Amino acid sequence: MTPQGPAGLPGSLQDPGRCLVMGILNVTPDSFSDGGRYADPQAALEHGLALHRSGADIVDVGGESTRPGAQRVSSRQELARVLDVVAGLAQEGVPVSIDTMRSETAEEAVRAGAVLVNDVSGGLADPRMAGTVAGLDVPYVVMHWRAHSTRMGEWAQYGPDVVGDVVAELQIAVQGALFAGVQPDRIIVDPGLGFAKESVHNWALLAGMDRLLALGHPLLIGASRKRFLGELLGTPDGPRPVELREDATAAVSVLAAAAGAWCVRVHDVAATRDAVRVVAATLAAGHDPH
Ligand code: PMM
C-alpha cells in the first residue's frame, strides 16, 4: 500500500511509491539537536543541498526553535533567518517546506519558493495562519500542539487514551483549517511527538498510527533524535546523547513507513531513506502474487 499524499505538491513528489523523507534544516542557534550549526545562511544553504543529495525529498526550513523551554523569536528575526535559505534551495530545485507558526513567515516563504507550510501549532499560534495558507493553496501540516515551548511541559496531561485525545484535538484543528478555506486534500496531520508529551504518550501515539491515519489525511511523523528515544536507550546516568539516537530514529522511520505514514521528518536522511526503501520493497512484494 502506497500512502496517498496531499494534492498540490510538485509532480516528482506526488506518487513516489514509498514513504517520503523530509530533511530537517534548523536555521537557529538553539534547536535541541542541530541548533547553532546552520545559523549562518550560507552554511544552512549548503546543508540543505547536502540533505537533498543524500535523499531528502523535501527540506524543512525552520527559523524558530521549538525545543522545550525555547523562547520565541520576533517575526522579523525569523524571516531574516529563513528567507534567503528558502529562496536559495528553491532556486536549486529543492522542494522546500517552511516550518513556522506565523502566517507572515509562511506567506513570504511560499513567495520565495516553499511548496508546503509546516505549522507545529496546527493553526493555534496565529489565527491568520489557516486563512493565509488557504490563499497560498499549498499543502499544510496540521500538527497536534497545546502550548508554546516555555509552557508545553505543563500541558503533557491526557486521559487514559492519549491517542483518542490527540485524534480529537487534531480533528478540531483540521476543522479550523477547513473552515478557513484550506482544501481537505491539502491537509496533512502530525501527532507532534514530544510536544506537550511524555515518553509514554509518544510510544502510545506510535502504537496508534492506524487511528491517526483513520483521520483520512496523509500522516507525517517526526521522531528524529527526540528525548523519548534518549530516555528509552539511556542508562541510570542519563538519557542517550542526542547524537547517538540515529539508529533508533531509523527504527521509527521503519515503523511509520510500514504503518502507512506519508512522510517522516528526520535529521539523518541517508539512514531513513534506506529504511523507507526497505519497507517499500517489502510491502510491494506482499502485493505480488508470486
Ligand atoms: N518537530 C520539531 C519541529 N518541527 N514539525 C513537524 N511537523 N513535526 C514534528 O514532530 C516537529 C516539527 C522539533 O524537532 P527539531 O528541533 O529537531 O526540528
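If I filter region 78-101 for residues that are farther than 15 Å from L25 by Cα and touching a strand residue (DSSP E or B) at 6+ places or on another chain (Cβ under 8 Å), do I get at least one hit? Yes, because at least one residue in region 78-101 is farther than 15 Å from L25 by Cα and touching a strand residue (DSSP E or B) at 6+ places or on another chain (Cβ under 8 Å).
Among the candidates E198, E108, the residue that is within 30 Å of E92 (Cα to Cα) and in contact (Cβ under 8 Å) with a residue 12 or more places away in the chain is uniquely E108.
Just one of the numbered conditions (1) surrounded by 20 or more Cβ atoms within 10 Å (Cβ to Cβ); (2) in a helix (DSSP H, G or I) is not true of V141: (2).
Is it the case that region 31-54 has a residue that's in contact with a Pro (Cβ under 7 Å, 6 or more places away or on another chain) and touching a residue at least 24 places away in the same chain (Cβ under 8 Å)? Checking region 31-54: at least one residue is in contact with a Pro (Cβ under 7 Å, 6 or more places away or on another chain) and touching a residue at least 24 places away in the same chain (Cβ under 8 Å). Only a single criterion out of (1) surrounded by fewer than 18 Cβ atoms within 10 Å (Cβ to Cβ); (2) under 22 Å from T272 (Cβ atoms) is not satisfied by E246, namely (1).
The residues of region 169-195 that are in a loop (DSSP other than H, G, I, E, B), within 12 Å of the ligand (Cβ to nearest atom) and of a type in the set (A, V, I, L, M, F, W, C), listed by number, are L193, F195. Assess whether L213 counts as being surrounded by 17 or more Cβ atoms within 10 Å (Cβ to Cβ) and in contact with a Leu (Cβ under 6 Å, 6 or more places away or on another chain). Yes.
Every read-out reported here was derived from the displayed coordinates using simple, explicitly stated rules and does not represent laboratory data. A quick note: this is a predicted structure, and the numbers were derived from the prediction, not measured. Note that we place each Cβ from the backbone using ideal geometry, even for glycine, and neighbour counts take in every protein chain shown.
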